[in-house]
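Asker: Mind having a look at this structure? Questions to follow.
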Amino acid sequence: MTLLIRGGTVVDANRSYRADVLCDGGTIIAIGDALSAPPGSEIVDAGGQYVMPGGIDPHTHMELPFMGTVASDDFYTGTAAGLAGGTTSIIDFVIPSPQQSLLEAFQAWRGWAEKAASDYGFHVAVTWWDESVSREMGTLVQQHGVSSFKHFMAYKNAIMADDEILVNSFARSLELGALPTVHAENGELVFKLQRDLLARGLTGPEAHPLSRPPEVEAEAANRAMRIAEVLGVPVYIVHVSAKDALDAIARARGEGQRVYAEVLAGHLVIDDSVYRDTDWGRAAAHVMSPPFRSREHQDALWQGLQAGHLHTTATDHCCFCADQKAMGRDDFTKIPNGCAGIEDRMSILWHHGVNTGRLTPSEFVRVTSTNAAQIFNLYPRKGAVAVGADADLVVWDPQATRTISASTHHQRIDFNVFEGMTVQGVATHTVARGKLVWVNGDLRAQRGAGRYLPRPADAAYFAAGKLMNQRKVVQAVERAAG
Ligand code: URP
Ligand code: ZN
Ligand code: ZN
């Protein structure tokens, strides 16, 4: 089916310009003035609207088995909700249990994801270490197109990666040309603070942020970056929430280290007062890690995004309904960690970013799709409005408004952390692989229409990383020799 998007303003990472966009066979086949389409084609009138790359959410957890339960949005419902908000690709996480084969876990996640309505790729977590893990990382990179590995520095006694795992896995990533990524929180400190708070009788959600203060995040972010620096490997820090961690990132980047970082839509606009809600269920619904922070951190995160120290925006979409959150009724450490967001990320970033003048429309495109596509090797197939790119597009009405609510969202969760927020800037149409899947409020997501996205390793980045490291070693030796 041919699709013509007519009369809109195309926005890509570099510029905005008036053009029609013609799609056929799942790809963009022409961009230009007054394009015509064969009879029978679908036509979208995009007059007064922007035509942008579909969003890429590089951090989701669909149907994740976690903390004794399973995330309630599955690969179909979660990706369908993403399409309703203009997000056309996700990168989710395979999280093997300690001692589980990485390949076995990867195959399990591939099976679950077959029902996805949008395209998807995977990062694979390294939760333990031995020779077989090292070997399977190679197989994942070389045969399955997995080019990023995740390390949880928190979640002690579950999936936490200690320094031995980090060093081995970062070094192996460098050999393979894969990108190590980290959830940066010092899990030992979190564990101790949790025990101390419980011992003092603090059992409710208000204790959650107290157990994970900004210093805990900054320490881990800094440690991960220093390990990466010594090994000469680039590193990507997920869900940066604290000014302290951001400062460490800015320092490392200022010293020439190749560090990439991500911020969540939620961390940009929600503050920690949510944990003081006297309604237990409402407070627990916000329990995620790292936690929501005080206002000063949000201001710093926006500045980090504007300054280019934060590159991608994500959601960490990981839904747990009220009955699941209730597992931690008497002990906040047992509340499943995670919040939703995939449906609302694009509107949140537009409303609070573009409408406030913090971001230009092209900068919006960079932080919602292009940068993720480039960092995770999906570009220019994704993250671009270009001939030959996948026809994953969003037609965006910058005047339209909507009020976010759990009563109208498509995510399979009974709570929305952005409840009641009216946002200006709305996806009127979403196109996934050339098909109209969201048309003025009509969700036409198709179960199983999404395709797996192999992401080749990038030799060039890593060659540069190695050279940078060699240069630093030579400089250090020269300094020592006087
Ligand atoms: O609270 C969160 N973020 N849950 C999902 C797992 C993770 O840490 O990313
Ligand atoms: Zn995390
Ligand atoms: Zn996560």
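Asker: Among DSSP beta bridges whose residues both lie in the stretch 58-195, state the antiparallel percentage, nearest 5. It would help to have the intermediate numbers written out before the result.
Answerer: Numbers: 2 of 17 bridges.
About 10 percent, rounded to the nearest 5.
Asker: Counting only other residues whose beta carbon sits under 14 Å from that of Trp112, what net charge do I get with K and R as +1, D and E as -1? Write out the running numbers ahead of the final one.
Answerer: Details: positive: Arg110, Lys115, Arg447; negative: Glu63, Asp73, Asp74, Asp92, Glu104, Glu114.
Once all neighbours under 14 Å are counted, the net charge is -3.
Asker: On to the next question. Which of the DSSP-defined H helices in the chain satisfy a minimum axial length of 27 Å, computed from C-alpha atoms, and a minimum mean Kyte-Doolittle hydropathy of -0.5?
Answerer: Working: long enough: 459-480 (31 Å, -0.03).
Membrane-span-like by this criterion, though nothing is claimed about a membrane: 459-480.
Asker: Compute the signed sum of charges (Lys and Arg +1, Asp and Glu -1) over the other residues within less than 13 Å, Cβ to Cβ, of Thr313. It would help to have the intermediate numbers written out before the result.
Answerer: On the way: positive: Arg345, Arg358, Arg366; negative: Asp57, Glu262, Asp316, Asp344, Glu363.
Local net charge: -2.
Asker: List, in the order given, every pair from Lys156/Lys192; Lys150/Lys325; Lys192/Lys243; Lys382/Lys435; Lys115/Lys435 whose Cα-Cα distance in the structure shown is over 21 Å.
Answerer: Lys150/Lys325; Lys192/Lys243
Asker: What FRET efficiency comes out for the pair Arg226/Asp330, r = Cβ-Cβ distance, R0 = 56 Å, nearest 0.05? Intermediate values should be presented prior to the final figure.
Answerer: On the way: r = 39 Å, r/R0 = 0.69.
Efficiency for this residue pair is about 0.90.
Asker: Another question about this same structure. Quick one: compute a quarter of the convex hull surface over the Cα atoms of the chain and quote it in nm².
Answerer: Working: hull surface 89.8 nm².
Quarter of the Cα hull surface area: 22.5 nm².
Asker: Compute the semi-axes of the equivalent ellipsoid of the stretch 32-173, taking the square root of 5 times each eigenvalue of the Cα gyration tensor, and list them largest first in whole Å. Don't skip to the answer; put the middle values down first.
Answerer: Working: eigenvalues 273, 57, 37 Å².
That gives 37, 17, 14 Å for the three semi-axes.
Asker: Could you bin all the Cα-Cα distances of the stretch 93-251 into 5 Å bins starting at 0 and give me the percent of pairs in each, rounded to whole numbers?
Answerer: Over the stretch 93-251, the share of Cα pairs per 5 Å bin runs 2, 9, 18, 19, 18, 14, 11, 7, 2, 1, 0 percent.
Asker: What does the net charge come to around Leu179 if you take all other residues with beta carbon closer than 11 Å to its beta carbon, with K and R at +1 and D and E at -1? Don't skip to the end; give the middle numbers.
Answerer: Working: positive: Lys150, Arg258, Arg455; negative: Asp458.
Summing Lys and Arg as +1 and Asp and Glu as -1 gives +2.
Asker: Still on this structure, I have one more. In the stretch 168-321, if every C-alpha pair distance is counted and binned at 10 Å from zero, what percent goes to each bin?
Answerer: Bin by bin from 0 Å, the calculated values are 11, 38, 34, 14, 3, 0.
Asker: Now for a different question. Take the stretch 1-42, compute every pairwise Cα distance, and split them into 5 Å bins from 0; I just need the percent in each bin.
Answerer: So the P(r) values, bin by bin, are 6, 25, 30, 23, 11, 4, 1.
Asker: Mind ranking 401-413, 279-291 by how tightly packed they are, going by the mean number of other C-beta atoms within 10 angstrom, highest first?
Answerer: Working: 401-413: 16.5, 279-291: 21.4.
So the peptides 401-413, 279-291, ranked by packing, come out 279-291, 401-413.
Asker: To two decimal places, what compactness ratio does the stretch 38-98 give when its Cα radius of gyration is scaled by 2.2 N^0.38 Å?
Answerer: Rg over 2.2 N^0.38 Å, computed on Cα atoms: 1.59.
Asker: Same structure, new question: Return the Cα extents of the stretch 312-411 along principal axes one, two and three, sorted largest first, each rounded to a whole Å.
Answerer: 54, 33, 24
Any read-out appearing in this document is the output of simple, stated calculations on the displayed coordinates, not a laboratory observation. All values reported here derive from a predicted model rather than from experimental measurement. As a convention, Cβ positions derive from the backbone with ideal geometry for all residues, glycine included, and neighbour counts pool all protein chains shown.
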